[in-house]
Each structure stands twice: as structure tokens, then as C-alpha cells.
Amino acid sequence: MEDGLGAEGVYGGGLPARGIGFAIKVADGSRRAVEAALVRVLWQLEVLTLEDQEALATFGRPTVCNTLGEMVGEIRADFSLTPVTGGLPVRG
């Protein structure tokens, strides 16, 4: 992923071999939210193994720290994909 989402906060991706394309929109343009959403999308499309998901955990569930550097929360992508056409199987 590149730095600088821009004002729109939109990313697109795809899996050409499977004929799948997707877009991610984050209202405030936050990169860490896009990364969490991307990991969730790839998991639901069954692209990631459990090992992959563990390796990407810092992106899939980034921590939020206060100004003292103390962990005060985490960002979670909480959604399920809905196929637009073709009955694509997705995991929830």
C-alpha cells in the first residue's frame, strides 16, 4: 500500500485470476482503517491463511495509543462482504 490516501480515502484492489474487484472507502481517510479493512476483505475472500492473518495482525487490528503512548484501544474492521453478482462465496 502507498502512503497518502488523499482527500477521498479510497482504495481499490482486485484478484484478477478470480475475477474479483473491490473498493474500500474510509470517510476520514485514515490509513490504519484502510489497512484493517483490507485485511478483513482478504480474509473473507479466503485469500489469507490463519498464518497470514497472524502475520498481518498489526495491520488488521492496529492499536490506538494516547499521547503518553499507552494503549487505549484498537481499530477493528467489522463488516461482512456481500456479493454484487455471481454468488461469490465469502467467509464471515
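Here's a check for you: in region 19-43, which residue that is of a type in the set (A, V, I, L, M, F, W, C) and outside any helix (DSSP H, G or I) is nearest to the chain's Cα centre (by Cα)?
If we filter region 19-43 for residues that are of a type in the set (A, V, I, L, M, F, W, C), which is where we start, we get 20, 22-24, 26-27, 33-34, 36-39, 41-43.
Now narrow it down to the ones that are outside any helix (DSSP H, G or I): 20, 22-24, 26-27.
On the way: 20: 15, 22: 11, 23: 10, 24: 8, 26: 10, 27: 14 Å.
Once the filter is applied, the top-ranked residue is 24.
Just checking, how many residues over region 44-77 are in contact with a Gly (Cβ under 8 Å, 6 or more places away or on another chain), not aliphatic (A, V, I, L, M) and not in a strand (DSSP E or B)?
Our first condition is that a residue be in contact with a Gly (Cβ under 8 Å, 6 or more places away or on another chain); within region 44-77, this holds for 44, 53, 63-64, 77.
Subset that is not aliphatic (A, V, I, L, M): 44, 53, 63.
Narrowing the set further to residues that are not in a strand (DSSP E or B) leaves 44, 53.
Residues that pass the stated criteria total 2.
Would you say residue 52 is surrounded by 10 or more Cβ atoms within 10 Å (Cβ to Cβ) and modelled with pLDDT of 90 or more?
Numbers: surrounded by 10 or more Cβ atoms within 10 Å (Cβ to Cβ): yes; modelled with pLDDT of 90 or more: yes.
So residue 52 fits the description; yes.
So is residue 44 surrounded by 14 or more Cβ atoms within 10 Å (Cβ to Cβ) and in contact with a Ser or Thr (Cβ under 9 Å, 6 or more places away or on another chain) or not?
On the way: surrounded by 14 or more Cβ atoms within 10 Å (Cβ to Cβ): yes; in contact with a Ser or Thr (Cβ under 9 Å, 6 or more places away or on another chain): yes.
Taking the combined requirement at face value, the residue satisfies it.
Checking residue 71 against (1) in contact with a Ser or Thr (Cβ under 8 Å, 6 or more places away or on another chain); (2) surrounded by fewer than 16 Cβ atoms within 10 Å (Cβ to Cβ); (3) modelled with pLDDT under 90, which test does it fail?
In the conditions (1) in contact with a Ser or Thr (Cβ under 8 Å, 6 or more places away or on another chain); (2) surrounded by fewer than 16 Cβ atoms within 10 Å (Cβ to Cβ); (3) modelled with pLDDT under 90, residue 71 misses (3) alone.
The values are calculated or read from the model by the stated rules, or taken from the named source; none is laboratory data. In this text, all values refer to a predicted model and were calculated from it rather than measured experimentally. Glycine also receives a Cβ, built like all others from the backbone with ideal geometry; neighbour counts cover every protein chain displayed.
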